[in-house]
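The values are calculated or read from the model by the stated rules, or taken from the named source; none is laboratory data. Because the structure is predicted, anything quoted here is derived from the model rather than measured. Neighbour counts run over all protein chains shown; Cβ positions are idealised from the backbone, glycine included. Quick note on the areas: whole protein, heavy atoms, side chains included, nothing else; ligands and nucleic acids left out. Shrake-Rupley method; radii C 1.70, N 1.55, O 1.52, S 1.80 Å.
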Amino acid sequence: RRDPTRAWRWLAAGGLAALLAATAVGEGGGGELDPGRLRWSELHYRARKLLFSAEVRVRAETVAAAATASRLEAVPGHDGLSPGGGQVVRLELESSLLGRRTLTTALLEPGSAAALQTETREGGRRARLKTQRFGGSDVAIARRRPAEGEATLPEEHWSRRSIEVVALPPPADGAAAVSDPVALFWVLATAPLERVGDRWQVRL
């Protein structure tokens, strides 16, 4: 069976990758991502095909690092990255497809797009919460789902839980910080890509 939600995710990822490839080519470039280059606070995409429709909203803002400290998941035995400065990027991607709403929230370093954490929430009959906590050499992935009778309870009371730690491959020489595909919206808006040949690299 084909999962239309998965197909939409692949379509969105493919479109972003193509846009990034068309924008960042050649050699050279450099410098940090600059929040001052951001020219939008929200993007709204809508697609329709026959009886099917999909909507995606993207929101971005810089917030004080102290305000996000309580949002960073503490995974036993795992050293998650901490903000390197006083500001953190909060990037949200909210999608709606076939009656299913998904909200992904990413916390990123403003100057490098390095991911500190991403959270993906889905409601309804397939309620779930997936948290990816990024470390220096690995990513801790925590999943939560409600057991029978728990769907109306807050997420912290869901009893179906799992945690796994996935090691990251060694970085290539000069590779940028590790991030999440959602961060491409931030990279495209704030990278120093002004002339033909400018380039920005990010590990996803």
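Taking the options L129, L168, name whichever one is aliphatic (A, V, I, L, M) and under 28 Å from W40 (Cβ atoms).
Numbers: L168 fails: under 28 Å from W40 (Cβ atoms).
Step by step, each of L129, L168 is checked, and only L129 is aliphatic (A, V, I, L, M) and under 28 Å from W40 (Cβ atoms).
Show me the strands (runs of 3 or more DSSP E) found entirely inside region 1-109 where at least 3 residues are in contact with a strand residue (DSSP E or B) (Cβ under 7 Å, 6 or more places away or on another chain), modelled with pLDDT of 95 or more and open to solvent by less than 80 Å² (accessible area, probe 1.4 Å).
52-64, 87-97, 100-108
Select the strands (runs of 3 or more DSSP E) contained entirely in region 121-204, then report the ones holding at least 2 residues which are open to solvent by less than 20 Å² (accessible area, probe 1.4 Å).
Per the criteria, 128-134, 138-145.
Yes or no, residue by residue, for (1) among the hydroxyl-bearing types (S, T, Y); (2) without any contact (Cβ under 8 Å) to a residue 60 or more places away in the chain:
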{"position": "R37", "(1), (2)": "no, no"}
{"position": "S41", "(1), (2)": "yes, yes"}
{"position": "H44", "(1), (2)": "no, yes"}
{"position": "A47", "(1), (2)": "no, yes"}
{"position": "L50", "(1), (2)": "no, yes"}
{"position": "V56", "(1), (2)": "no, yes"}
{"position": "A60", "(1), (2)": "no, no"}
{"position": "T68", "(1), (2)": "yes, yes"}
{"position": "L81", "(1), (2)": "no, yes"}
